[in-house]
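Enquirer: The structure is given below, and queries will be raised subsequently.
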């Protein structure tokens, strides 16, 4: 039996419509799973990430303020070499604290930009699915990696941000300790025994 050209075109359209339906079904499921996953992450981890970022910003602000004040009023303490060494050590500790917190915020920013990664990845996913539909086969590895790829570095960045915040906090506490030692050592020069 020979099919007319119109019948062949109808079959092609039917096949094409089936492929488009599969394609659209996949995209709908992908968007739904992605949104649900990101929403659940924000509910569970969002408050923790916000608190960590707030603490890092607070440490940066307080460290920079203490650094500015100690540099401004340091001329009276620079007479003694030991006080100068302690004061310089305190400044270094404050700068290190600020740097740790800034780098920690950078890693934290990478965590919060995972939503953007999913959005940016969507066009690449569309193209890949379209090609697979045209060829009539699906690559299992692609689908397995599709959802796990954006989360690959999430845990690492979370841990890095937390460790850097702790280091910044330790450095800040060290600078406060040095500031107290400088203040205690400066009491005799102020006439207080």
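The values are calculated or read from the model by the stated rules, or taken from the named source; none is laboratory data. Just so it is clear, the structure is predicted and the values come from calculations on it, not from any experiment. For neighbour counting, all protein chains shown are included, and Cβ atoms are generated from backbone atoms with ideal geometry for every residue, glycine included.
Enquirer: Which number in (1) touching a helix residue (DSSP H, G or I) at 6+ places or on another chain (Cβ under 6 Å); (2) within 22 Å of residue 39 (Cα to Cα); (3) modelled with pLDDT of 75 or more marks the one condition that residue 90 misses?
Expert: Evaluating residue 90 over (1) touching a helix residue (DSSP H, G or I) at 6+ places or on another chain (Cβ under 6 Å); (2) within 22 Å of residue 39 (Cα to Cα); (3) modelled with pLDDT of 75 or more leaves (2) as the failure.
Enquirer: Sticking with this one: Spot the failing condition for residue 117; the list is (1) closer than 30 Å to residue 28 by Cβ; (2) modelled with pLDDT under 70, and only one is missed.
Expert: (2)
Enquirer: Among the numbered criteria (1) modelled with pLDDT under 80; (2) in a helix (DSSP H, G or I), which one does residue 101 miss?
Expert: Checking residue 101 against (1) modelled with pLDDT under 80; (2) in a helix (DSSP H, G or I), the one that fails is (1).
Enquirer: Next up: Is it fair to say residue 78 is loosely packed, with under 13 Cβ neighbours inside 10 Å, in contact with a helix residue (DSSP H, G or I) (Cβ under 6 Å, 6 or more places away or on another chain) and at pLDDT below 95?
Expert: On the way: loosely packed, with under 13 Cβ neighbours inside 10 Å: yes; in contact with a helix residue (DSSP H, G or I) (Cβ under 6 Å, 6 or more places away or on another chain): yes; at pLDDT below 95: yes.
Answer is yes for this residue.
Enquirer: Now for a different question. Identify, from the list 26, 16, the residue that is surrounded by 10 or more Cβ atoms within 10 Å (Cβ to Cβ), modelled with pLDDT under 70 and under 30 Å from residue 128 (Cα atoms). If you could, list the steps in order and put the result at the bottom.
Expert: Values: 26 fails: modelled with pLDDT under 70.
Within the list 26, 16, the selection yields 16.
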